[in-house]
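The values are calculated or read from the model by the stated rules, or taken from the named source; none is laboratory data. Since this is a predicted model, take the numbers as computed values, not measurements. Neighbour counts are summed over all protein chains in view; Cβ atoms, including those assigned to glycine, are modelled from backbone coordinates with ideal geometry. When the accessible area is computed, the model is the full protein with side chains, heavy atoms only, and any ligands, DNA or RNA have been set aside. Shrake-Rupley method; radii C 1.70, N 1.55, O 1.52, S 1.80 Å.
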Amino acid sequence: MSLDSHAPAGFRSLTTPVYRGSTTLFDDAGSLRDDWRPDRTPYAYGLHGTPTTFELAGRIADLEGARYALITPGGQAAIALIYLAFAGAGDHVLTPRNAYGPNQALAHDLLARLGIEVELYDPLIGGDIERLFRPNTRLVWCESPGSVTMEIQDVPAIAAAARRAGAVCALDNTYAAGVLFDAFAHGVDVSMQALTKYVGGHSDLLLGSVSTRDEGCYEALGRARELLGHAVSPDDCSLALRGLQTLGVRLAHLEASTLRVAHWLAGRPEIARVLHPALASCPGHELWARDFTGSASLFSIVFADRHDRDAVHGFVNRLSLFKIGYSWGGVTSLATAGDETPRDYPGYLVRLNIGLEDPEDLVADLDQALASMKA
Ligand SMILES: *Cc1c(COP(=O)(O)O)cnc(C)c1O
């Protein structure tokens with residue numbers, strides 16, 4: 001029986017089909033070759049990508065103004081890929097102290113075992129990072145705003161210092177979704193994002209991306225991705241392609257709703273500080289105003305220090321529209337409370353992700369949960 005298609009020809013639709021395949025076929029024995037580079041041998045093996053994967057990669061590259069993009073199984077996989085592409089035994093890497101927790105865990109666990117030394121630096125160091133460079137510094141991470149405490153970094157100053165030192169500057173650009181901050185215009189060599197967050201946008205997939213304009217960086221990243229076997233599902237890529245179609249309207253709506261909620265919280269006596277990049281109370285706010293074109297849905301609140309851990313956990317537990325869970329960038333509002341007071345602040349911190357609910361309903365939910373704190 002023939003395995004050729006039985007479906008009528010001529011189907012055209014607005015969406016990129018989900019192309020599956022581990023084995024991809026060659027015309028003859030002589031043309032068989034394994035090559036991860038799509039510009040040389042586009043479909044050597046499913047691991048390197050299918051048309052669905054490459055369509056997503058191309059659109060992420062367009063969105064970020066990159067020349068090349070690679071899709072990874074998640075944001076954390078993208079972080080690991082960048083470390084392993086650029087650093088080896090005996091090398092030194094600089095990572096901000098407020099970087100995404102699993103990034104720091106990777107540095108202290110697996111990378112330490114491989115002989116890669118990751119030094120944590122003050123995210124607000126700016127151009128003074130110059131003095132932390134060593135002859136063996138290969139990679140400098142930025143994450144702006146940083147995870148949980150939301151400091152905005154002077155990325156152009158750090159990228160310029162990295163360039164002078166001959167180190168690669170990588171940015172975790174997840175907050176900006178590749179939209180609100182132009183990584184390459186600000187001197188970054190390699191930008192990554194968790195597509196899990198805004199590009200996916202519906203809390204139903206895990207993917208990451210790594211993008212660059214630099215041929216040498218692309219070679220190092222593509223080779224490392226191949227060797228690590230970072231395969232991605234075409235179904236997840238298809239969902240990410242769908243998410244991209246509404247990314248702009250979702251970000252605009254989320255920005256407005258989040259600002260409404262953040263400003264409301266800033267006026268509440270229970271809250272000592274609102275760590276939202278567009279508010280002057282956020283460290284590095286002036287850099288956000290200089291370098292970003294907008295703000296997103298994630299921010300943190302620091303409670304006045306008279307509220308202890310149990311009171312703050314009670315506040316989170318009394319919320320009803322806000323759900324409790326990791327990740328962010330979807331349609332649902334989320335709250336996570338820390339078990340310890342953060343560095344630099346005496347009070348307990350809660351991180352909020354604003355979703356697509358009516359912001360007035362969210363304010364009412366926060367209002368009832370704050371009101372019951374006093375009782
Ligand atoms: C969520 C997140 C990641 C990791 O993404 P996953 O797809 O969940 O692995 C990386 N960086 C930041 C800043 C994140 O918030």
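Of the residues that make up the stretch 22-39, is at least one among the acidic types (Asp, Glu) and in contact with a Ser or Thr (Cβ under 6 Å, 6 or more places away or on another chain)? Yes, the stretch 22-39 contains at least one residue that is among the acidic types (Asp, Glu) and in contact with a Ser or Thr (Cβ under 6 Å, 6 or more places away or on another chain).
To keep it simple, each residue is scored yes or no on (1) touching a residue at least 12 places away in the same chain (Cβ under 8 Å); (2) within 16 Å of the ligand (Cβ to nearest atom); (3) under 14 Å from ILE354 (Cβ atoms).
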{"residue": "LEU265", "(1), (2), (3)": "yes, no, yes"}
{"residue": "ARG273", "(1), (2), (3)": "yes, no, no"}
{"residue": "LEU287", "(1), (2), (3)": "yes, no, no"}
{"residue": "THR293", "(1), (2), (3)": "yes, no, no"}
{"residue": "SER297", "(1), (2), (3)": "yes, yes, yes"}
{"residue": "VAL302", "(1), (2), (3)": "yes, no, no"}
{"residue": "ASP308", "(1), (2), (3)": "yes, no, no"}
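Of the set (1) at pLDDT 95 or above; (2) surrounded by 17 or more Cβ atoms within 10 Å (Cβ to Cβ); (3) small (Gly, Ala, Ser), all apply to GLY88 but (2).
Kindly establish whether ALA69 is within 16 Å of the ligand (Cβ to nearest atom), among the small types (Gly, Ala, Ser), within 20 Å of ASP214 (Cα to Cα) and part of a strand (DSSP E or B). Don't jump to the end; show me each part of the working.
Details: within 16 Å of the ligand (Cβ to nearest atom): yes; among the small types (Gly, Ala, Ser): yes; within 20 Å of ASP214 (Cα to Cα): yes; part of a strand (DSSP E or B): yes.
So ALA69 fits the description; yes.
If we keep just the residues of the stretch 334-363 that are open to solvent by 60 Å² or more (accessible area, probe 1.4 Å) and over 22 Å from ALA252 (Cα atoms), which is farthest from the chain's Cα centre (by Cα)?
If we filter the stretch 334-363 for residues that are open to solvent by 60 Å² or more (accessible area, probe 1.4 Å), which is where we start, we get 339-340, 343-344, 346, 356, 358, 360-361.
The next check asks that each one be over 22 Å from ALA252 (Cα atoms); those that pass are 339-340, 343-344, 346.
Numbers: ASP339: 24, GLU340: 24, ARG343: 22, ASP344: 24, PRO346: 28 Å.
Per the criteria, the residue is PRO346.
Considering only residues in the stretch 191-232 that are open to solvent by 60 Å² or more (accessible area, probe 1.4 Å) and touching a Gly at 6+ places or on another chain (Cβ under 7 Å), the one that is nearest to GLY248 (Cα to Cα) turns out to be HIS202. Considering LEU221, LEU206, LEU228, the condition of being closer than 19 Å to GLY166 by Cβ and assigned by TED's automatic domain parsing to the domain that holds PHE86 is satisfied by LEU221 alone. Under the condition of being hydrophobic (A, V, I, L, M, F, W, C), over 17 Å from ARG213 (Cα atoms), more than 16 Å from the ligand (Cβ to nearest atom) and outside any helix (DSSP H, G or I), the residues counted in the stretch 154-190 number 0.
Right, GLY126: out of contact with any Leu (no Cβ under 9 Å at 6 or more places or on another chain) and either closer than 23 Å to GLN193 by Cβ or modelled with pLDDT of 95 or more (or both) or not? No, not satisfied. Regarding SER211, is this residue within 15 Å of the ligand (Cβ to nearest atom), part of a loop (DSSP other than H, G, I, E, B) and touching a residue at least 60 places away in the same chain (Cβ under 8 Å)? No: the conditions fail for SER211. Scanning the stretch 4-36 for residues that are farther than 24 Å from LEU227 by Cβ, touching a residue at least 24 places away in the same chain (Cβ under 8 Å) and of a type in the set (Gly, Ala, Ser) yields a total of 0.
With the structure loaded, tell me whether GLU64 is closer than 18 Å to ARG225 by Cα, crowded, with 17+ Cβ neighbours inside 10 Å and charged (D, E, K, R) or whether it fails that test. Considered against the rule, which asks whether it is closer than 18 Å to ARG225 by Cα, crowded, with 17+ Cβ neighbours inside 10 Å and charged (D, E, K, R), GLU64 comes out as no. Out of ARG97, ARG131, one residue alone is basic (Lys, Arg) and more than 16 Å from the ligand (Cβ to nearest atom). It is ARG131.
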